[in-house]
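Working notes, beginning with the structure itself.
Read the figures in this text as sums done on the coordinates, not as results from a lab. Every value quoted in this text rests on a predicted model; they were computed, and no experiment measured them. All Cβ positions, glycine included, derive from the backbone under ideal geometry; neighbour counts span all protein chains shown.
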Amino acid sequence: MSPILTVATTPFSDQKPGTSGLRKKVTVFAQPHYAENFIQSIFNALEGYAGKTLVLGGDGRFLNREVIKTALRMAAANGFGRVLVGRGGILSTPAASHVIRKHGAFGGIILSASHNPGGPEGDFGIKYNAGNGGPAPEKITDRIFALSKTITAYKILDGAAPDIDRLGEKKLGGMVVEVIDPVADYQALMEQLFDFDVIRSARQRGLTVRFDAMSAVTGPYAKAILEDALGFPRGTVVNGTPLPDFGGHHPDPNLVHAKDLYELMMSADGPDFGAASDGDGDRNLIIGKQQFVTPSDSLALLAANAHLAPGYGKGLAGVARSMPTSGAVDRVAARLGIKCYETPTGWKFFGNLLDAGLITLCGEESAGTGSNHVREKDGLWAVLLWLNIVARRQDSVRAMVQAHWRDYGRNYYSRHDYEEVDAEAANGLMKALRDGLPGLAGRKAGAMTVTAADDFAYHDPVDGSDTGQQGIRLHFDDGSRVIYRLSGTGTAGATLRVYIEKFEQHDINQETQKALADLIRFANGTAEIARRTGRKTPSVIT
Ligand code: G16
């Protein structure tokens with residue numbers, strides 16, 4: 001049996017997990033011992049895993065295979081009994097969450113930097129998910145960070161990791177490595193939740209779909225489900241082969257990085273339904289023929305219609321949205337007579353609510369939607385729920401969205417990102433806003449007046465934990481909101497996000513940026529964005 005090596009190391013000071021795990025440039029992760037230190041710090045932060053099962057997979061980006069092999073050798077040396085690893089080291093984030101839950105694993109390690117670019121100059125990431133299948137809560141990520149600052153050694157099995165490209169079981173030291181089909185378990189779950197026959201009938205009636213996998217992890221999942229199982233023609237899934245650098249593109253399904261899809265969907269001869277997912281398969285973009293659906297509206301429409309899919313036929317226990325997500329879903333919840341929870345940004349905050357059965361559906365403005373079927377947001381799941389609803393209603397996405405707005409009113413919504421700005425300038429801007437909070441009430445943006453301004457803090461109703469400083473909120477007298485926060489997923493400088501929202505009951509077909517113009521002007525002026533960051537315009541508007 002191969003000996004266990006104890007390798008002396010010194011700490012890195014920057015291994016603090018962000019919104020979703022540790023994300024850094026590949027060049028940072030490629031430093032000797034960097035990944036090993038973090039993986040050992042994860043293991044050191046956990047208790048009681050000896051002999052238990054770990055799930056391991058990633059989004060296939062540059063470094064994925066090397067770190068999978070390292071993690072296998074380290075899991076064996078640290079005493080795990082079994083590792084379930086996706087073939088080729090591949091598992092989408094939602095599929096990994098499902099595999100953890102289905103197999104009763106102790107937890108899982110997911111290698112991904114999600115929507116961030118890949119390749120040698122791109123980003124890499126590692127995150128730990130707990131036995132419920134969800135991202136580790138802050139008390140674990142805080143412990144991982146604390147341990148990473150004092151680590152002196154890591155354990156690794158001497159010798160090569162086994163072949164991860166062939167299905168089946170192999171031995172590594174005293175541990176079993178089981179290479180699993182990354183798609184099978186996930187596809188079976190989707191077949192339970194959705195009415196595939198109804199979707200097939202809609203296809204036979206002429207429903208056309210385009211799914212852009214952005215050369216990232218969802219390609220094999222989407223081909224197996226949309227083309228092979230549901231029978232949509234070959235070519236329905238585009239950019240369906242996962243590439244280590246995502247073909248040089250930014251695998252973020254938004255109007256900037258999925259521009260080709262957007263333009264096709266806006267054209268007269270585009271398909272009926274368009275969608276895209278991100279690097280690790282947890283985000284989704286939904287665009288109907290000549291109708292973009294904001295993630296916030298998508299959450300609201302899914303909540304209003306989920307009962308049309310068999311997995312949600314009994315209705316919803318409750319819903320949740322991250323604080324910056326628009327309030328569109330709140331009105332659906334009120335009509336359904338269920339509770340709507342407001343959490344900080346980060347999927348990990350939904351975990352307790354889902355585990356406690358308080359919510360069935362949740363979502364975020366950052367193109368994430370999910371349900372209690374796993375403990376991650378799930379891109380392809382959202383696409384299938386939409387298709388199931390479209391097929392049952394026999395309606396176009398545009399007709400559904402317009403009817404929803406006529407019925408509930410419309411939350412005009414936009415997010416302005418200022419990426420890679422100087423970190424000091426961004427922190428200064430946030431501090432100035434925070435310091436100025438007491439003076440903001442009463443100020444005017446066009447006809448709207450600020451009624452309250454605060455820094456969002458969350459009290460978790462399940463475990464009683466408190467999380468502060470989650471975004472500066474300005475509330476206006478007509479229900480409009482402006483929110484400022486710094487992203488927790490970037491890897492260079494700081495990214496300032498400004499979220500702007502305005503509710504209109506009747507005037508529902510204005511151009512978004514025009515409808516929000518007074519608020520945008522006010523938001524830019526109040527935070528002195530141009531003066532403090534040197535940026536006159538956002539780098540991304542979604
Ligand atoms: C992650 C988190 C999401 C969060 C998003 C944006 O998504 O899982 O919950 O909304 O980042 O976070 P931030 O605004 O801090 O950049 P993903 O898809 O990158 O894992």
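Applying the Karplus relation 6.51 cos²θ - 1.76 cosθ + 1.60 with θ = phi - 60° to the range 530-537 yields 3J(HN,Hα) values of 5, 5, 7, 9, x, 10, 8, 9 Hz, where x marks Gly and Pro. For the range 94-178, the number of Lys pairs with C-alpha atoms closer than 28 Å, counting only pairs eight or more positions apart or on separate chains, is 13.
Looking at the range 121-211, which trypsin sites (Lys or Arg not before Pro) are DSSP coil and have at most 12 other C-beta atoms within 10 Å of their C-beta? It would help to have the intermediate numbers written out before the result.
Working: sites: 127, 139, 143, 149, 155, 166, 170, 171, 200, 203, 205, 210; in loops: 149, 166, 205.
Passing both the DSSP loop test and the Cβ count: 166, 205.
Each residue of the range 116-126 was assigned a 3J(HN,Hα) from its phi angle through the Karplus expression (A = 6.51, B = -1.76, C = 1.60, θ = phi - 60°), giving 6, x, x, x, x, 9, x, 10, 9, x, 9 Hz with x at Gly and Pro. Rounded to whole Å, the principal axis extents of the Cα atoms in the range 220-287 read 28, 28, 18, largest first. Testing the spin-label approximation: label points 7 Å from Cα along Cα→Cβ at residue 419 and residue 462. State their distance in nm. Inter-label distance under the simple model: 3.2 nm. If you take all other residues with their beta carbon under 11 Å from the beta carbon of residue 476, and give Lys and Arg +1 and Asp and Glu -1, the sum is +1. Fully extending the segment from residue 451 to residue 492 would add 11.2 nm, taking 0.36 nm per residue of separation and subtracting the current Cα-Cα distance. Taken about its Cα centre, the chain carries a charge dipole of about 220 debye when Lys and Arg each add +1 at the Cβ and Asp and Glu each add -1 at the Cβ. For residue 10 and residue 268, FRET efficiency with R0 = 60 Å and r from the beta-carbon atoms, rounded to 0.05? FRET efficiency, residue 268 to residue 10: 0.45. The local environment of residue 46, defined by Cβ-Cβ distances under 13 Å, has a net charge of +2 under the rule Lys, Arg +1 and Asp, Glu -1.
How do 375, 234 line up, fewest other C-beta atoms within 10 Å first? It would help to have the intermediate numbers written out before the result.
Numbers: 375 26, 234 9.
Going from sparsest to densest Cβ surroundings: 234, 375.
Shown in residue order for the range 306-312 are the 3J(HN,Hα) couplings computed by the Karplus curve 6.51 cos²θ - 1.76 cosθ + 1.60 at θ = phi - 60°: 4, 4, 7, 9, x, x, 10 Hz (x for Gly and Pro).
With a cap of 15 neighbouring Cβ atoms within 10 Å, and only residues DSSP puts in a loop, list the chymotrypsin sites (Phe, Trp or Tyr not before Pro) found in the range 6-91. Write down the numbers at each step before the final one.
Numbers: sites: 12, 29, 34, 38, 43, 49, 62, 80; in loops: 12, 49, 62, 80.
Answer in residue order: no site qualifies.
Arranged from fewest to most other beta-carbon atoms within 10 Å of their beta carbon, 179, 28, 256, 85 become 256, 28, 179, 85.
Placing R0 at 41 angstrom, the Cβ-Cβ distance between residue 158 and residue 539 gives a FRET efficiency of 0.30 after rounding to 0.05. When you filter the GluC sites (Glu not before Pro) in the range 91-192 for DSSP loop state and at most 16 other Cβ atoms inside 10 Å of their Cβ, you are left with 121.
Rounded, prolate or oblate: pick one for the range 1-154, where a ≥ b ≥ c are the square roots of the eigenvalues of its C-alpha gyration tensor, a/c under 1.5 means rounded, and failing that, prolate if a/b is larger than b/c, else oblate.
Numbers: a/c = 1.26, a/b = 1.04, b/c = 1.21.
Because its axes are fairly even, with a/c under 1.5, the range 1-154 counts as rounded.
Using the Kirkwood formula on the Cα atoms of the range 264-418, what hydrodynamic radius do you get, in angstrom to one decimal?
Numbers: mean 1/r = 0.0647 Å⁻¹.
Final number for the Kirkwood radius of the range 264-418 is 15.5 Å.
Pulled fully out, how much extra length does the chain show between residue 307 and residue 171, if you take 0.36 nm times their separation in residues and subtract their Cα-Cα distance?
44.4 nm
Seen through its C-alpha gyration tensor, with square-root eigenvalues sorted a ≥ b ≥ c, the chain comes out oblate because a/c lies at 1.5 or above while a/b is not bigger than b/c. The helix-only estimate of mean residue ellipticity at 222 nm for the chain, built from DSSP H runs of length n ≥ 4 each weighted as -39500 (n - 2.57), is -9000 deg cm²/dmol after division by the residue total. Here is the size of the range 396-454 from its Cα atoms: Rg then Dmax, 17.8, 48 Å.
Give me the net charge for the shell around residue 101: Cβ to Cβ below 10 angstrom, other residues only, Lys and Arg +1, Asp and Glu -1.
Working: positive: 102, 375; negative: 185.
Computed value for this residue: +1.
The calculated pair-distance distribution of the range 434-487 uses every alpha carbon pair, bins of 5 angstrom beginning at 0, and gives 4, 19, 25, 20, 15, 10, 5, 2, 0 percent. The ranking of 13, 487, 114 from fewest to most other beta carbons within 10 Å of each one's beta carbon is 13, 487, 114.
Between residue 255 and residue 393, the FRET efficiency estimated from the beta carbon spacing at R0 = 22 angstrom works out to 0.30. Kindly identify the range 43-131 as rounded, prolate or oblate by the Cα gyration tensor criterion: order the square roots of the eigenvalues as a ≥ b ≥ c, call it rounded if a/c is under 1.5, otherwise compare a/b with b/c, prolate if a/b is larger, else oblate. Prolate.
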